[in-house]
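Notes follow the structure.
The values are calculated or read from the model by the stated rules, or taken from the named source; none is laboratory data. Computed from a prediction, not measured in an experiment: that's the story for all the values here. When we count neighbours, we look across all protein chains shown, and the Cβ atoms used for this are built from the backbone with ideal geometry, even at glycine.
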Amino acid sequence: MKRSVLYITCFLLLAGCANGQSNNFAALPQPKPGEMVADFAAGCFWASSEAMSELKGVDKVVAGYAGGTAPHPTYEEVCSDNTGHAETVQVYYDPKVISYNKLVEAFFYAHNPTELNYQGPDQGTSYRSIAFYRTPEEKAIIENTIKSINASKYYGAPIVTQVVPFKEFFPAEKYHQNYYKLHPDNPYIQSVSVPKVEKMRAKEKSLLKPEFQ
């Protein structure tokens, strides 16, 4: 469970916690012809799912878990910090519309990559920042983007994002999917998620789909 009183309150009252839904996992889609897939952990996946879905060329975003060792973890297990997983989003995108480089850039502006093992009120390794790569070229793009942002001093501290090879992604429960849009009045969404999404919008306006510009 997210480590803040605000989240606990709204999650219990509005989202109903798991309440028997823990094993009701989302399906993992297959990429369309020509699509590529990228995975990022940026704290709570409610905000990062929305942020990445607003980018031109992104077809779908799935909230889930990656970076750990436990197979098919539940939300409660991941939040215990005993599985090694982090809340992660898997992004399906058209490289002819948005490059991997721009996707990585948006990721770094959609959260605070200088916060080690937490994001805002959410504490623990399940909220750590991770950029997963599938090829040496993707690794180089991530590392070069980190160098560029650090050199710009956009953030007041160095980026602590982990850069690790992608191994496996497990979709989260269905009630986590598209949560930002489905629960716009949730206090946690309003106070924590919305500012993160708006920060990305302001920084990456040229990359946004028309309805978000």
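In segment 71-91, of all residues being in a loop (DSSP other than H, G, I, E, B) and out of contact with any Phe, Trp or Tyr (no Cβ under 9 Å at 6 or more places or on another chain), the one that is surrounded by the most Cβ atoms within 10 Å (Cβ to Cβ) corresponds to ASP81. ASP59 meets each of the listed conditions (1) within 22 Å of PRO210 (Cβ to Cβ); (2) touching a residue at least 40 places away in the same chain (Cβ under 8 Å) apart from (2). A single entry from SER148, SER191, SER126 fulfils the requirement of being hydroxyl-bearing (Ser, Thr, Tyr), over 18 Å from the mean Cα position of the chain (by Cα) and part of a helix (DSSP H, G or I): SER148.
Residues satisfying the criterion are absent from segment 69-81 (criterion: of a type outside the set (D, E, K, R) and either under 18 Å from TYR109 (Cα atoms) or touching a Cys at 6+ places or on another chain (Cβ under 8 Å) (or both)). Criterion applied to ALA86, ALA110 was being within 21 Å of LYS203 (Cβ to Cβ) and modelled with pLDDT of 95 or more, and the one residue passing it is ALA110. In this structure, PRO33 does not qualify as over 18 Å from ILE142 (Cβ atoms) and modelled with pLDDT under 95.
Scanning segment 162-184 for residues that are in contact (Cβ under 8 Å) with a residue 40 or more places away in the chain, assigned to a loop (DSSP other than H, G, I, E, B) and surrounded by fewer than 13 Cβ atoms within 10 Å (Cβ to Cβ) yields a count of 1. Residue pairs whose Cβ atoms lie under 6 Å apart, separated by 6 or more positions or on different chains, with the first residue in segment 79-100 and under 16 Å from GLN177 (Cα atoms) and the second of a type in the set (Phe, Trp, Tyr) and assigned to a helix (DSSP H, G or I), are GLU87/PHE45; VAL89/PHE45.
Against the numbered list (1) surrounded by fewer than 19 Cβ atoms within 10 Å (Cβ to Cβ); (2) over 21 Å from GLY34 (Cα atoms); (3) touching a helix residue (DSSP H, G or I) at 6+ places or on another chain (Cβ under 8 Å), LYS60 comes up short only at (2).
Look through LYS167, LYS199, LYS181 and report the one residue that is under 19 Å from GLN90 (Cα atoms) and within 16 Å of the chain's Cα centre (by Cα). Just a single option satisfies the conditions, and that option is LYS181.
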